[in-house]
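Following: one structure in structure tokens, then a few remarks.
The values are calculated or read from the model by the stated rules, or taken from the named source; none is laboratory data. Being a predicted model, the structure only gives us computed values, none of them experimental. Virtual Cβ from ideal backbone geometry, glycine too; neighbours counted across all protein chains shown. Only protein heavy atoms, including side chains, enter the accessible area calculation; ligands, DNA and RNA are left aside. Shrake-Rupley method; radii C 1.70, N 1.55, O 1.52, S 1.80 Å.
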Amino acid sequence: MIFDARPKMKREDLFDREKELEDLHNNLDVPMIIITGIRRIGKSSILNVFLNEINYPTIVLDLRALRNNYGLKEFYDILSQSISSKIEKLIDVIKSISAIRIAGNEIEIKWKGKGALNLTSFFDHINRKRIIIAFDEAQKLRGPRSNEILNAIAHAYDYDKNIGFIFTGSEIGLLYDFLKIKDTTSPLYGRYYYNLTVERFSKDIAKDFLRSGFKEYGMVVDENTLEECVSFFDGIPGWLTFYGNEVVRGHKRFNVIKEMAVNLAKNELRNLIKNRGSKRYATVLQGIALGKNSWSKIKEYVEEREKTTISKSILYNILNNLEELSIIKDYEFMDPVYREAAKRLNY
Ligand SMILES: Nc1ncnc2c1ncn2[C@@H]1O[C@H](COP(=O)(O)OP(=O)(O)OP(=O)(O)O)[C@@H](O)[C@H]1O
Ligand SMILES: [Mg+2]
């Protein structure tokens with residue numbers, strides 16, 4: 001069902017991403033694939049559908065919940081959950097790894113002390129058969145452990161030819177900052193990769209998306225509502241799905257659903273501001289939301305609001321971080337719902 005809110009798993013539920021899937025299938029033998037795109041654009045859905053269409057085993061690590069200063073235990077916890085969820089397909093590959101204990105339908109990983117799992121030797125082990133390992137929201141791997149993990153990945157890239165890696169990230173600048181492919185001192189420096197950038201739908205495709213979704217429920221929605229919806233949510237499939245799902249579940253009015261979406265986005269922005277530990281992010285975001293679309297306009301806006309001058313380097317850092325998080329680009333919001341949410345931040 002097109003309006004199912006979970007990431008899609010099957011091609012028939014995935015609307016209009018044939019080209020993206022074909023690109024992935026054509027590049028399956030590239031050792032490293034990087035899938036980028038803003039939040040809610042459909043990266044995980046494309047990844048899942050693709051992985052379900054290939055014949056050999058896959059491991060998908062959902063890293064979204066990883067804390068900033070995560071340790072090996074937390075990383076291995078995600079790894080063990082992921083392996084456990086596909087235990088039948090993976091049992092052959094992992095059964096000879098001494099740091100991994102198979103307990104019924106689940107596995108346990110020894111993460112510290114003598115005989116603990118070493119990521120490099122884990123990769124060497126599973127290399128016996130063709131396998132794909134996907135890191136969903138891989139920028140979350142940044143942190144004290146990132147070098148160790150990158151070293152292991154770089155080793156596998158060079159020596160474990162049966163392993164294919166896929167990385168996705170919605171905080172695109174941060175993802176590349178983790179992988180450091182262009183950094184001469186990084187273990188992954190200069191490695192070849194294939195990049196799939198997932199773009200939003202055009203307005204026409206977005207309307208088709210909604211029409212097809214409603215059709216599955218025998219519903220026809222009038223053109224004006226479609227127009228209103230697409231002009232607010234743009235072609236971002238996650239928001240269109242959110243809208244469609246709410247309508248078919250009974251919340252009929254567009255304005256109510258729009259408010260719900262803006263509140264969701266507002267919470268996400270609040271978390272971001274909390275993580276960054278500076279309320280100035282809110283002021284900068286508000287300025288951009290109000291159309292301050294240049295360095296000098298934003299600077300003036302922040303200085304007026306705060307009644308204090310702001311240092312160039314601090315403003316530069318804030319704008320740069322917002323770009324790395326894929327919230328803004330060229331002084332514009334990437335997602336119109338975030339723009340609306342930013343107007344309503346009260347700090
Ligand atoms: N092409 C599509 N067809 C149908 N539904 C889609 C499509 N793309 C995305 N969706 C829906 O939109 C929502 C967001 O998709 P998904 O989680 O795959 O995106 P994402 O880019 O991984 O998002 P995030 O950055 O938040 O992880 C989900 O509800 C998903 O079912
Ligand atoms: Mg995702």
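Scanning region 70-100 for residues being open to solvent by 60 Å² or more (accessible area, probe 1.4 Å) and under 26 Å from GLY143 (Cβ atoms) gives a total of 4.
Highlighted here are the helices (runs of 4 or more DSSP H) found entirely within region 260-347 that include at least 1 residues which are open to solvent by less than 20 Å² (accessible area, probe 1.4 Å) and among the small types (Gly, Ala, Ser): 280-289, 336-343.
Just one of the numbered conditions (1) among the aliphatic types (A, V, I, L, M); (2) outside the structural domain of PRO144 (by TED's automatic domain parsing); (3) farther than 19 Å from THR36 by Cα is not true of ILE163: (2). Of the listed requirements (1) at pLDDT 95 or above; (2) surrounded by fewer than 20 Cβ atoms within 10 Å (Cβ to Cβ), PHE201 misses just one: (2). Among the residues of region 179-195, those that are surrounded by fewer than 22 Cβ atoms within 10 Å (Cβ to Cβ) and either among the small types (Gly, Ala, Ser) or in contact (Cβ under 8 Å) with a residue 24 or more places away in the chain (or both) comprise LYS180, SER186, PRO187, LEU188, GLY190, ARG191, TYR192, TYR193, TYR194, ASN195.
To keep it simple, each residue is scored yes or no on (1) under 23 Å from the mean Cα position of the chain (by Cα); (2) on the phi > 0 side of the Ramachandran plot.
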{"residue": "TYR192", "(1), (2)": "yes, no"}
{"residue": "SER202", "(1), (2)": "yes, no"}
{"residue": "ASN224", "(1), (2)": "no, no"}
{"residue": "GLY235", "(1), (2)": "yes, no"}
{"residue": "PHE242", "(1), (2)": "yes, no"}
{"residue": "GLY250", "(1), (2)": "no, yes"}
{"residue": "ARG253", "(1), (2)": "no, no"}
{"residue": "VAL256", "(1), (2)": "no, no"}
{"residue": "ASN271", "(1), (2)": "yes, no"}
